[in-house]
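Trainee: Have a look at this one before I ask anything.
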Amino acid sequence: MNCVGIDILEVERFIDMSENENKMKKIFTQNEIQYFQNFKENLMHIAGCFCAKEAVAKAFKTGFGKLLSPIDVEIMHNKDGSPFINTNNLRLNNLLKGRKIEISISHTKNFATAICVIE
Ligand SMILES: CC(C)(COP(=O)(O)OP(=O)(O)OC[C@H]1O[C@@H](n2cnc3c(N)ncnc32)[C@H](O)[C@@H]1OP(=O)(O)O)[C@@H](O)C(=O)NCCC(=O)NCCS
């Protein structure tokens, strides 16, 4: 059975968090933070990345808690800009059990959204 998760967030919710390095490091990996630094206006990318993490948590039906935390779900990007999940994480793999996971992210200045499908 395929599983799907979706999330949408207001970009402005990330204004405070983006200015707090400690908070950022609790939620986003070093690679993700480095990715955000590629953009002058990066709030929508931060919001999109967070949406993708939540979409994954929804697709697994676990939400974030003991089994999975936002930092376990690392969003990476292919050369063409398309996002994918780094599956090199023990807790993620325990839930994934060898299935394929796909995500897609979209954002405007005000809203970010993401969807996750687990095959
Ligand atoms: C891939 C593409 C469709 C993305 O469209 P977009 O409207 O800029 O994208 P959105 O703002 O909705 O979403 C951005 C997210 O798309 C994702 N993305 C970027 N490139 C992607 C790609 N090649 N494939 C899939 N997803 C992609 C990323 O996750 C990105 O967010 P992030 O960098 O914060 O992670 C666009 O870059 C593209 O190639 N457009 C083709 C334009 C074109 O050919 N126009 C001429 C004919 S009308």
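Trainee: Collect the residues in segment 77-119 that are within 10 Å of the ligand (Cβ to nearest atom), open to solvent by 50 Å² or more (accessible area, probe 1.4 Å) and among the β-branched types (Val, Ile, Thr), keeping them in residue-number order.
Mentor: Thr108
Trainee: Restricting attention to segment 5-40, which residues are touching a helix residue (DSSP H, G or I) at 6+ places or on another chain (Cβ under 6 Å), within 18 Å of Ala114 (Cβ to Cβ) and open to solvent by 40 Å² or more (accessible area, probe 1.4 Å)?
Mentor: Ile6, Ser18, Phe39
Trainee: Scan segment 41-59 for residues that are surrounded by 21 or more Cβ atoms within 10 Å (Cβ to Cβ) and more than 18 Å from Glu12 (Cβ to Cβ) and jot them down.
Mentor: Correct list: Ala52, Lys53, Ala55, Val56, Ala57, Ala59.
Trainee: Those residues that are without any contact (Cβ under 8 Å) to a residue 60 or more places away in the chain and among the acidic types (Asp, Glu), I need them from segment 19-69; list them, please.
Mentor: Glu19, Glu21, Glu32, Glu41
Trainee: Right, something else. Kindly provide the set of residues from segment 1-40 that are of a type in the set (Ser, Thr, Tyr) and modelled with pLDDT of 95 or more, ordered by number. Working first, answer last.
Mentor: The first filter runs over segment 1-40 and keeps only residues of a type in the set (Ser, Thr, Tyr), leaving 18, 29, 35.
Of everything in segment 1-40, those that are of a type in the set (Ser, Thr, Tyr) and modelled with pLDDT of 95 or more turn out to be Thr29, Tyr35.
Residue-by-condition table, conditions (1) β-branched (Val, Ile, Thr); (2) touching a Gly at 6+ places or on another chain (Cβ under 8 Å); (3) within 19 Å of Phe84 (Cβ to Cβ):
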| residue | (1), (2), (3) |
| --- | --- |
| Val4 | yes, no, yes |
| Asp16 | no, no, no |
| Asn20 | no, no, no |
| Lys25 | no, no, no |
| Tyr35 | no, no, yes |
| His45 | no, no, yes |
| Lys53 | no, no, yes |
| Gly63 | no, no, no |
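Trainee: Please count how many residues of segment 60-70 are open to solvent by 60 Å² or more (accessible area, probe 1.4 Å) and at negative phi.
Mentor: 3
The values are calculated or read from the model by the stated rules, or taken from the named source; none is laboratory data. This is a predicted model, so every value here is computed, not measured. Cβ: placed from backbone, ideal geometry, glycine included. Neighbour counts: every protein chain shown. Heavy atoms of the whole protein, side chains included, go into the accessibility calculation; ligands, DNA and RNA do not. Shrake-Rupley method; radii C 1.70, N 1.55, O 1.52, S 1.80 Å.
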